[in-house]
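Below you'll find the structure, written out as structure tokens, and then a few comments.
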4 protein chains.
Amino acid sequence: METAASKSCADLAEAGREFYRRGWVLGTSGNFSKLLSRDPMRITITASGLEKGQLGESSFLELDEKGDVVAGAGKPSAETSIHTTIYRTMPDVGSVLHTHSVWGTILSDLSFELGAIEIEGYEMLKGLSGVTTHEHIEHVPIIANSQDYVELAQTIENVIDEQPDIHGIYLHRHGLYTWGETVSEARRHIEIFEFLFEVLGRSLS
Amino acid sequence: METAASKSCADLAEAGREFYRRGWVLGTSGNFSKLLSRDPMRITITASGLEKGQLGESSFLELDEKGDVVAGAGKPSAETSIHTTIYRTMPDVGSVLHTHSVWGTILSDLSFELGAIEIEGYEMLKGLSGVTTHEHIEHVPIIANSQDYVELAQTIENVIDEQPDIHGIYLHRHGLYTWGETVSEARRHIEIFEFLFEVLGRSLS
Amino acid sequence: METAASKSCADLAEAGREFYRRGWVLGTSGNFSKLLSRDPMRITITASGLEKGQLGESSFLELDEKGDVVAGAGKPSAETSIHTTIYRTMPDVGSVLHTHSVWGTILSDLSFELGAIEIEGYEMLKGLSGVTTHEHIEHVPIIANSQDYVELAQTIENVIDEQPDIHGIYLHRHGLYTWGETVSEARRHIEIFEFLFEVLGRSLS
Amino acid sequence: METAASKSCADLAEAGREFYRRGWVLGTSGNFSKLLSRDPMRITITASGLEKGQLGESSFLELDEKGDVVAGAGKPSAETSIHTTIYRTMPDVGSVLHTHSVWGTILSDLSFELGAIEIEGYEMLKGLSGVTTHEHIEHVPIIANSQDYVELAQTIENVIDEQPDIHGIYLHRHGLYTWGETVSEARRHIEIFEFLFEVLGRSLS
């Protein structure tokens, strides 16, 4: 089972290499996961503390819904509960990606008082699943950062319950969580958001 | 015929890898085409929804003038009509490239009221086909973005009829269309415009 | 002994390639070292004047505590005394890395009057060894640049004596010195600091 | 003779790949040369109109002092006379490199009225040949751009006669010319200048 999980993580490792190259997961930041089965929930996720540009077969853990390790060696990240919460509350999600970028960090500061990064009128919005026109308004809720990940996960669950159409959440001065039905879609969402964060960040500052 | 078309797309695939590396076609944005024959018109163009950094033999479709698929598997992009319009209205064009960049997006906003991005006095302008001095003034018309691609294609045809000497068109908050006699020339135009957009965008902001 | 030292420098060479790619050690700037033994002190360090993106087996020197060459061909950098001072005054340090970045240089100017770059409230701070919350305040002392490296090393020793919890020092308009128990940790500190310098530099300017 | 010249251009081709990656020679801009013999003068230089990221054996021409082709296929760049002028007026120069960067272009505009880019107080200045302290003041004369390369070459000759200690010249809104005793030194000068142009450009704007 371990080997199967490792093999299936080539797409997450490739995303890691690309995000690292772009400076979105420097210094072991970020974490990536995908859903292996929904019932019972099994996810594969990057082990804590690894360099995201150099992920390999042994870099991933298989976890159950409580976040306990089922296969693989290493410690799960403290942020695992955010991943499991997103899988539990959004039934179509098959992958969750989390990055830390310069422009996202700056923009989460510039927009913190508003409670959300609001993006409107850009063609690139059409890269978000289900969005069909640039006239779409995308809200990326900004949540105050915390080291209490149980509380954070609960806050995120509440936000998703209230705004089920969002494609991502920003932890203030921390990083982006986005997701998709597949790793490929989640990766596309990272690229779309990071592009738009840079456009907005540069335009505002 | 499919194999021949696939083989001839190595230059477009290579352009895609390079543009992706530079962040000009993130999140499956952008599309690239070249003319296979003018009469009857046959073009090869990237299929819709693909990651532009990873184009291969099967990533391209062969289309006729109406945009119907003649060879290859996949769906043509909704923007195909812009490509066929450009080939039809500019008899020397052999390749059309479309990118989405951060600085182009910002500059199209800063210059939207003027109706065009106006570039004057830079040596890099000489990289545009037929331009022989930095004292040249290049107008890149900015067209309001729309999801009605038939209307957009018509607007673009009118703009080209009125300003046949332009080297590119910017769809507001969307992206650049440029072209050339060959893929190599069109790619050079992309690089020249993106360079100048960054210079102008940084200088104005 | 030389061969052993050369072999063990693959991690420093790899850091050099990555830092060069990111523009943090352009034009032969920067230098990297690791501790081979503490008593007697033996370190391996990049020879002076080399391109940091192309380090190989012969690019490193083995030095004793006084900075005299024990193995390898080439001249030690004038900044060697800073490395030996850090190893001597911080008993847990196993690697010292020094980079020159655009944003670090700019930020050292913007913060020079304050005497330190002060960083607070960012999740990325948790990438610094021993930091467990984003609410941490990190001070990076800024030291006036000088060509008298004996005096500089003494100043750095004094700063470390007074502030033993710091993770790095900035030489004004020159570059960052950071360190770690291992090359991997020191490299992570470089990435964390450079990320935060860019965030702060862009936010302040 | 052609083969010998081709072989010896691997260092120029490698510089081209790296500068292209960094965006300093986009769109076939820039040109690179090295001195093969001083008396009679023989230089090898990139042929006109080539992509600088993809230089190979056949990308270079061997020229005499008048700029006539002695070996190789292709057209010399119109800027060849600037290269031969620099070799003629500076007896220690063995390589001349010319790049077009975003920050250099912007900075040449910001400093145009002053007649020079003035750089003072940065450690990176020590990367320029013969500079031993950050307290050095480097002047990079800015020359008005022109399509009359005979006149430009004469102006550059006059500037070098008056200021023989300079390490580079900037053509306004065009690009940087720098040089060195070897290709390696000239490449280091490019990296040093481009770094400092970005620091200054960002600090001023």
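Each value in this text was obtained by applying a stated rule to the coordinates, not by laboratory testing. Everything quoted here is computed from the prediction, not taken from an experiment. Backbone-built Cβ (ideal geometry, glycine too); neighbour counts: all protein chains shown.
Below are the figures for this structure:
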{"item": "Relative contact order (%) - criterion: Cα under 8 Å, at least six apart; region: chain A", "result": "21"}
{"item": "A:E118-C:S129 FRET efficiency (beta carbon distance; Förster radius 41 Å; 0.05 resolution)", "result": "0.65"}
{"item": "Extent along principal axes [Cα atoms of region C:160-205; Å; largest to smallest]", "result": "33, 25, 18"}
{"item": "Over region D:74-150, relative contact order from alpha-carbon pairs under 8 Å, at least 6 apart, %", "result": "27"}
{"item": "Nearest-first distances (nm) between copies at B:S129, label 7 Å from Cα via Cβ", "result": "4.2, 4.2, 5.9"}
{"item": "Of A:K52/C:K75; A:K66/C:K126; B:K75/D:K52; A:K34/C:K34; A:K66/A:K126; A:K34/B:K52, those spanning more than 29 Å from alpha-carbon to alpha-carbon", "result": "A:K52/C:K75; B:K75/D:K52; A:K34/C:K34; A:K66/A:K126"}
{"item": "Coarse-grained scattering of chain D at q = 0.09, 0.16, 0.19 Å⁻¹, given as base-10 log I(q)/I(0) from a Debye sum over alpha-carbon atoms", "result": "-0.31, -1.01, -1.44"}
{"item": "Under 14 Å, Cβ to Cβ, from A:L204 - net charge with Lys/Arg +1 and Asp/Glu -1", "result": "-4"}
{"item": "GNM top mover of C:A116, C:A47, C:A78 - chain C, alpha-carbon springs below 10 Å", "result": "C:A78"}
{"item": "Only Lys, Arg (+1) and Asp, Glu (-1) charged, at Cβ; region D:13-119 dipole about Cα centre in debye", "result": "220"}
{"item": "Fraction in percent of alpha-carbon pairs per bin - 10 Å, region D:1-78", "result": "21, 54, 23, 2"}
{"item": "C-alpha center-to-center spacing [region D:111-176, region D:50-98] in angstrom", "result": "20"}
{"item": "222 nm mean residue ellipticity, helices alone, for chain B (DSSP H n ≥ 4; -39,500 (n - 2.57); rounded to 500)", "result": "-11000 deg cm²/dmol"}
{"item": "Global size of region A:85-146 as Cα Rg and Dmax, reported in angstrom", "result": "13.4, 35"}
{"item": "Residue with peak Gaussian network fluctuation, chain C [Cα springs, cutoff 10 Å], from C:G67, C:G104, C:G27", "result": "C:G27"}
{"item": "Inter-copy spacing of B:E181 label points, which lie 7 Å from Cα along Cα→Cβ, given in nm from shortest upward", "result": "4.6, 4.6, 6.5"}
{"item": "Simple Cβ-charge dipole of region C:146-205, Lys/Arg +1 and Asp/Glu -1, about Cα centre, in debye nearest 20", "result": "360"}
{"item": "Counting all C-alpha pairs of region C:91-197, share separated by more than 25 Å (%)", "result": "12"}
{"item": "Debye, to nearest 20: dipole size of chain C, +1 on Lys, Arg Cβ, -1 on Asp, Glu Cβ", "result": "660"}
{"item": "Sum of side-chain charges, B:T84 neighbourhood, beta-carbon under 12 Å (Lys, Arg +1; Asp, Glu -1)", "result": "-1"}
{"item": "For chain D, built as a Gaussian network whose Cα springs stay under 10 Å, the top-fluctuating residue of D:T133, D:T44, D:T105", "result": "D:T133"}
{"item": "Two-decimal log10 I(q)/I(0) for the protein assembly as shown, as the Debye equation yields it once each C-alpha is a single scatterer, q = 0.04, 0.08, 0.11 Å⁻¹", "result": "-0.18, -0.75, -1.41"}
{"item": "Phi to ³J(HN,Hα) by Karplus 6.51 cos²θ - 1.76 cosθ + 1.60 over region C:123-137, Hz, x for Gly, Pro", "result": "4, 4, 4, 5, x, 7, 3, x, 8, 10, 9, 5, 7, 4, 10"}
{"item": "Nm distances between copies for B:K66, ranked from closest, using label points 7 Å along Cα→Cβ", "result": "6.3, 6.3, 9.0"}
{"item": "Axial C-alpha extent at least 15 Å, average Kyte-Doolittle at least -0.5 - helices from chain A (DSSP)", "result": "A:149-162, A:183-204"}
